[in-house]
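So the structure is just underneath, and the comments pick up after that.
The values are calculated or read from the model by the stated rules, or taken from the named source; none is laboratory data. In this text, all values refer to a predicted model and were calculated from it rather than measured experimentally. Glycine gets a Cβ as well: all are built from the backbone with ideal geometry, and neighbour counts include every protein chain shown.
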Amino acid sequence: MEPALTVRDITFRYTPNDRPALDGVSTDVRAGAITAVLGPNGSGKSTLLHVLLGLLQPERGEVRLFGRPLGTRSRREASRLVGLVPQSEPVTFDLSVFEYALLGRAPYLGLLERPGAEDRACAERALETAGIAALSRRAVPSLSGGERQLATVARALAQEPRVLLLDEPTSHLDLANVRRILGVLRSLRADGRTIILTTHDPNAAAAIADDVLLLRQGHVMATGPVESVLQADHLSATYGVPVEVLTVRGRPLVLTHDLDGAPAHGARNPAVEEDGHGTDNRLGRVVASAGRGTRPPTHAGRRARR
């Protein structure tokens, strides 16, 4: 199957004198899979999302969207194929949740064209998919953090995109809302959508992803199936701390360690917390079902040829 996105040798810097925010990044994003872009703060995760959207133009390299160079597609065409859920988006105006979702229909409307019946039906379906149809009349500023994040997901879904990009979708959310967000993403994957999300938490990637792209300072450390990439050597090199990777219910479980080798307090432990023995971790009950491929990872030293 043709990749949803093909990324080849992408280099981007914000100013000519900056170090590259992305430096020779190459990967293939499988259609119909969930790919986590994982790395510490400042590793280039959000920058990569904006390059994939066409909002930032790389100084070198190419992005192909369903086999066609992204730069050859119009902004309207690309917006119908790719939707974005940003990390945070303050909403101070009194739009209802339904009206907010309806904004996602902008790529299908003319400059002064009003949404029609089909646009309204798409917004309603998006709210149903996001599980917040009951909130459709609520004002967006009155929503909780988790509800607002789901409203932003619904707005992106109203675009009817084939690819959905999410920037840190579970950051600052409590356990219940993390479960809701990840449940929506799983249902979208089951429906054939391609999902790309960023996170700095390896256990967030383990809980939901099929594939992982591991970044450090704009460089690809490894890319491939989640079980192959979430290995202790890859993660220690990326985060600069010693880690241990266990397998719990068929999923990787990443533990950080203090200098004396003991598990660090507050280490994220999603699978164990599900049994009531974990530490401080919002992902406790969201370890997804097993059943992954066994393709080997592609390491930075084996970067795909242009």
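Here are the numbers:
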{"item": "Exclusive hit being modelled with pLDDT under 95 and closer than 17 Å to T6 by Cβ, set G71, G110", "result": "G71"}
{"item": "From R114, R80, residue being within 26 Å of the chain's Cα centre (by Cα), outside the structural domain of G183 (by TED's automatic domain parsing), over 21 Å from G146 (Cβ atoms) and not hydrophobic (A, V, I, L, M, F, W, C)", "result": "R80"}
{"item": "Only one of A106, A156 that is touching a strand residue (DSSP E or B) at 6+ places or on another chain (Cβ under 7 Å) and under 21 Å from S74 (Cα atoms)", "result": "A156"}
{"item": "Out of T47, T72, sole residue that is touching a residue at least 24 places away in the same chain (Cβ under 8 Å) and either surrounded by fewer than 16 Cβ atoms within 10 Å (Cβ to Cβ) or assigned by TED's automatic domain parsing to the domain that holds V229 (or both)", "result": "T47"}
{"item": "Residues being more than 18 Å from P86 (Cβ to Cβ), exposed (fewer than 15 other Cβ atoms within 10 Å of the Cβ) and not acidic (D, E) - total across the range 121-150", "result": "4"}
{"item": "Tabulated pairs, the range 231-250, first assigned by TED's automatic domain parsing to the domain that holds D211, second outside any helix (DSSP H, G or I) and of a type in the set (D, E, K, R), C-beta under 6 angstrom, 6+ apart or interchain", "result": "T238/R216"}
